[in-house]
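Trainee: Got a structure for you, written out below as structure tokens; questions coming shortly.
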Amino acid sequence: MGSVLIVAEIQNGRIREASYELASVAQRVGSASGRSVHSLVAGSGVESLAAEFAKRGGGTVHTADHELLANYNAEAHATAIKAAVEASGADLILLSNTPSGWDVAPRIAAGLDAGFVSDCSDVADDGGALVFERRIFNGKLDAQVRVKSDVVVATMQPGATEPFGGSSDGSVVKLEVSLTADKAKFIETKVAESQGVDLSKADVIIAGGRGLGAAEKFDEVLKPLADALGGALGASRPVVDAGWLPHQFQVGSSGQVVAPKLYIAAGISGAIQHLVGMKGSNFIIAINKDPDAPIFEVADLGVVADLFEIVPALTNAVKAAKG
Ligand SMILES: Cc1cc2nc3c(=O)[nH]c(=O)nc-3n(C[C@H](O)[C@H](O)[C@H](O)COP(=O)(O)OP(=O)(O)OC[C@H]3O[C@@H](n4cnc5c(N)ncnc54)[C@H](O)[C@@H]3O)c2cc1C
């Protein structure tokens, strides 16, 4: 039996939360299938990050410490990952479905002649075979993928799993790897201007659609409910296209994929491109005056009513309940 190798990602000097989500998956699949859990922490000066990762589910953490790894460099990172695969004997390699994951994961799969499954929401051991869950056709179908190759590389959707919560008795070992990067060179990182909206971390999202009718209705009607519930605002694409809210609020196939504990959709019809971004939410309340709106098909609680009556009433009820 092989092992599971997590490729941890470092961002702004810290291991990304998505890597701790990989640790959850690896620990679960590892104990179900008898695979040991290994990780790679590759960067420059990563000792303490590796120790932290070992404590939080990373199993045997291999460190590749080199100045060429200080910033993402496809060539250098791919070399380090291959060395970690050899050192760990991994037959399942997990990366996050992030820009660097998209870039390096297929390279690794091609280099190892391994199978590749991208953007998975889950992996399970089914009587010795690995089964990968992923959504296809813009979320219309859930596919279960079984890979025939002996080694599989998979990228996992951030936010699809809880980060590893237990303690682990992992250890840190140094990976001997000789690195060169002749073809790829790090030049600079350009950070897009952000208004600090990371909907993938919000527990509660109050999303508005075209039914709001105007930009100011977000502030007047939805924001008070979001504030009362300690939640964040979200939006459908027409809202963003109309310039009522910036793109980082958009939920859906061309926006963010979210999975909050509570998602309230007000004045959103429930087009498939929207549903794909929010149907993994734990509890969905839909408010729409059209009883046939498709959003009701995914809602746990549907309210057929005018949002301009229901949302303020709900806001008052939440405030009253909180005292
Ligand atoms: C390639 C592609 C990518 C896309 N990506 C995305 C994406 O990422 N996210 C996304 O959201 N969409 C996306 N779309 C657009 C998507 O197809 C829909 O057009 C969009 O989701 C509809 O947004 P909506 O529900 O706000 O508007 P509408 O479909 O116009 O629905 C408005 C709803 O509000 C209700 N309503 C109106 N007034 C009230 C009221 N007073 N009270 C209660 N209800 C009311 C109406 O009954 C209606 O159901 C994409 C489309 C394409 C082609």
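The values are calculated or read from the model by the stated rules, or taken from the named source; none is laboratory data. Small disclaimer: the values here were computed from a predicted structure and weren't measured. Every residue, glycine among them, receives a Cβ derived from its backbone with ideal geometry; neighbour counts consider all protein chains shown.
Trainee: Provide a single number: the residues in segment 131-169 that are within 21 Å of A8 (Cβ to Cβ) and in contact with a strand residue (DSSP E or B) (Cβ under 6 Å, 6 or more places away or on another chain).
Mentor: The number of residues fulfilling the criteria is 9.
Trainee: From P224, P158, which residue is closer than 29 Å to G252 by Cβ and surrounded by fewer than 19 Cβ atoms within 10 Å (Cβ to Cβ)?
Mentor: Step by step, each of P224, P158 is checked, and only P224 is closer than 29 Å to G252 by Cβ and surrounded by fewer than 19 Cβ atoms within 10 Å (Cβ to Cβ).
Condition check ((1) touching a residue at least 24 places away in the same chain (Cβ under 8 Å); (2) in a helix (DSSP H, G or I); (3) closer than 19 Å to P163 by Cβ) across all residues:
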residue: E21; (1), (2), (3): yes, yes, yes
residue: S31; (1), (2), (3): no, yes, yes
residue: V37; (1), (2), (3): yes, no, yes
residue: R56; (1), (2), (3): yes, yes, yes
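Trainee: Answer yes or no as to whether G170 is under 25 Å from the mean Cα position of the chain (by Cα), under 30 Å from S19 (Cβ atoms), modelled with pLDDT under 95 and surrounded by 19 or more Cβ atoms within 10 Å (Cβ to Cβ).
Mentor: Criteria met by G170.
Trainee: Pull up segment 237-253, narrow it to residues that are within 13 Å of L275 (Cβ to Cβ) and under 19 Å from the mean Cα position of the chain (by Cα), then point me to the one that is modelled with the lowest pLDDT.
Mentor: Top of the filtered list is S253.
Trainee: Evaluate the following for A320: is it under 15 Å from V204 (Cβ atoms) and either within 12 Å of the ligand (Cβ to nearest atom) or not in a strand (DSSP E or B) (or both)?
Mentor: No, not satisfied.
Trainee: Still on this structure, please answer the following. For segment 240-276, what are the residues that are in contact with a strand residue (DSSP E or B) (Cβ under 8 Å, 6 or more places away or on another chain), more than 6 Å from the ligand (Cβ to nearest atom) and of a type outside the set (A, V, I, L, M)?
Mentor: Answer for segment 240-276, where residues must be in contact with a strand residue (DSSP E or B) (Cβ under 8 Å, 6 or more places away or on another chain), more than 6 Å from the ligand (Cβ to nearest atom) and of a type outside the set (A, V, I, L, M): W244, Q248, F249, Q256, P260, K261, Y263, G270.
Trainee: Another question, then. If you scan segment 209-239, which residues turn out to be within 17 Å of S269 (Cα to Cα) and either within 10 Å of the ligand (Cβ to nearest atom) or among the acidic types (D, E) (or both)?
Mentor: Selection gives G209, R210, G211, L212, G213, G234, A235, S236, R237, P238, V239.
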